[in-house]
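All remarks here apply to the structure that follows.
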Amino acid sequence: MLHRNQIRSEGSRFKPWRLGGTLALLLLASACGPQASPADGSEGKAQAGTGAYPRSIATGGKHEVVVPAKPERIAALSLDTAEMALELADPSRIVVAPRSLDNEQLSVHAEQGKRIGTKITGATKLDPEQVLSYKPDLVLMTTIHDGEKDADPILKQAGIPVLTFKEWGTVRQIMDQLDLIGQALGEEEKAKAVTDRMKSKLDAIRNKVGERQAASKPTVLVLSPVGPNTGPYMMGPDNISSDLVRLAGGVPAVEAMGLSRTTKATIEQMMQADPNCILLSDWEGKKELAFRELTGSPGWSALRAVKEGRVRVMAAKQLVNANPAVVDSIAEIADFLEAPSGLKEEAGA
């Protein structure tokens, strides 16, 4: 759902035969609202003072996004952007969000999300015509999946301000991009309060793990589905989980393995890497049962992490999905890495 290089779904790409209807909606939207310059980056800052509209937000690319007035009809089309919007704005201001927001294993704002009346399929099946029908005055989205990439230029042509993000791969990016969203929503003070809390927690974690010797840093493999019924994947270095592992004092096993992206997990690769620790991302509340494809393999019990009891299940919202609450996960991961081995000695040893 939130991971780069997910298996491409040709059936989910934008359908050319729908272009006529989309163009009609574009003309209607353009007639009803001011034009906004496209956003093609993920970092920057607002060029207007607090409370002032219209405001231009530089996103790190060649263009700026013009937000003419404080948004009251926000379309948060990706789970990560919906999570960030709900950190700052009342759900009544969000007219449409992804269905994944309702999953308590995936979202830290599932309860708040219940107050958002309209949920749609995002990611690989995002339909720009459907989005435009809700008449948003601001669109927030992350372009990782095919559907998002296809919808992005169409939505930008509609004259609606669109803040597009490419990734949320580090805690630093979460803080920087949350500030941008705060500026767009007119909620700078709330955004600053959230990022200040995040920074404070990060400082405490750095002090805690700062004395760990480089040679003693354990390798940590993160396994997760990347969508419903996809099976386990080894999460790549651009997923937020790698940054959490690093900040907790570990080494992402995928980096030690030389993998540059999220990759389907095989027991053979895992046995070759033989990580010190394994973290399992739980999407549906099934815990280790969701990983029986791997855990049922004879090679699983031979892994060092398994033999030493260094396997832990964490909810996806704690580990692989970007949101401000992941800073709390760093302390949990650090404690896990520092805990004594769960290895049980043989009787009489």
Next item on the list: Determine the per residue accessible area of segment 279-342 with all protein chains present and a 1.4 angstrom probe, expressed in square angstrom.
Entry: 42 Å²
Next item on the list: Hey, for a label at K149 modelled as a point 7 Å past Cα toward Cβ, could you say which residues of segment 162-186 have their backbone N under 17 Å away?
Entry: 164-168
Next item on the list: Report the label-to-label distance for T263 and A52 in nanometres (one decimal), using points 7 Å from each Cα along the Cα→Cβ vector.
Entry: 5.1 nm
Check: Based on the Cβ-Cβ distance of A339 and K135, what FRET efficiency does E = 1/(1 + (r/R0)^6) give at R0 = 41 Å, to the nearest 0.05?
Finding: 0.20
Notebook entry, point to check: Of all the accessible heavy-atom surface of segment 259-303, with the other protein chains kept in place and a 1.4 Å probe, what percent is carbon and sulfur?
Noted result: 49 percent
Checklist line | Phi to ³J(HN,Hα) by Karplus 6.51 cos²θ - 1.76 cosθ + 1.60 over segment 168-181, Hz, x for Gly, Pro | finding: 10, x, 9, 5, 4, 5, 4, 5, 4, 6, 5, 4, 4, 5
Item checked: Signed unit charges on C-beta, dipole axis of segment 82-156, positive-most listed residue A82, Y134, L101 -> Y134
Next item on the list: Measure off 7 Å from each Cα along the Cα-to-Cβ vector at S200 and E111, then give the distance between these two points in nanometres to one decimal.
Entry: 2.1 nm
Notebook entry, point to check: Taking H as built 1.01 Å from N, whose amide H comes closer than 5 Å to the amide H of I94, not counting residues under 5 places away?
Noted result: I74
Next item on the list: Quick one: of K125/K264; K190/K317; K192/K264; K199/K264; K119/K156; K125/K201, which pairs are farther than 26 Å apart, Cα to Cα?
Entry: K192/K264; K199/K264; K125/K201
Item checked: Charged-residue dipole, Cβ positions (Lys, Arg, Asp, Glu), segment 232-339 about Cα centre, Debye nearest 20 -> 220 debye
Notebook entry, point to check: For T230 and M271, what is the calculated FRET efficiency with R₀ set at 25 Å and r taken between the beta-carbons, to the nearest 0.05?
Noted result: 0.70
Check: How high is the relative contact order of segment 124-192, given as a whole-number percent (alpha carbon pairs under 8 Å, six or more residues apart)?
Finding: 28 percent
Notebook entry, point to check: What ³J(HN,Hα) values, in whole Hz, does the Karplus curve 6.51 cos²θ - 1.76 cosθ + 1.60 give for segment 216-221 when θ = phi - 60°, with x put for Gly and Pro?
Noted result: 9, 5, x, 7, 10, 9
Next item on the list: Please list, in chain and number order, the residues 5+ apart from T219 or on another chain whose amide H is under 5 Å from its amide H, with Hs placed from the backbone.
Entry: V251, N276, C277
Item checked: Cα-based reach from K149 at 12 Å (exclusive), listing aspartates and glutamates while leaving out same-chain residues under 8 positions away -> D40, D127
Item checked: Of all accessible heavy-atom area on segment 75-226, the percent that carbon and sulfur account for (1.4 Å) -> 45 percent
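The values are calculated or read from the model by the stated rules, or taken from the named source; none is laboratory data. This one's a predicted model, so the numbers in the text were calculated from it and none came from an experiment. Here Cβ is always computed from backbone atoms with ideal geometry, including for glycine, and neighbour counts include all displayed protein chains. Each accessible area value is taken on the protein alone, full model and side chains, heavy atoms only, with ligands, DNA and RNA left out. Shrake-Rupley method; radii C 1.70, N 1.55, O 1.52, S 1.80 Å.
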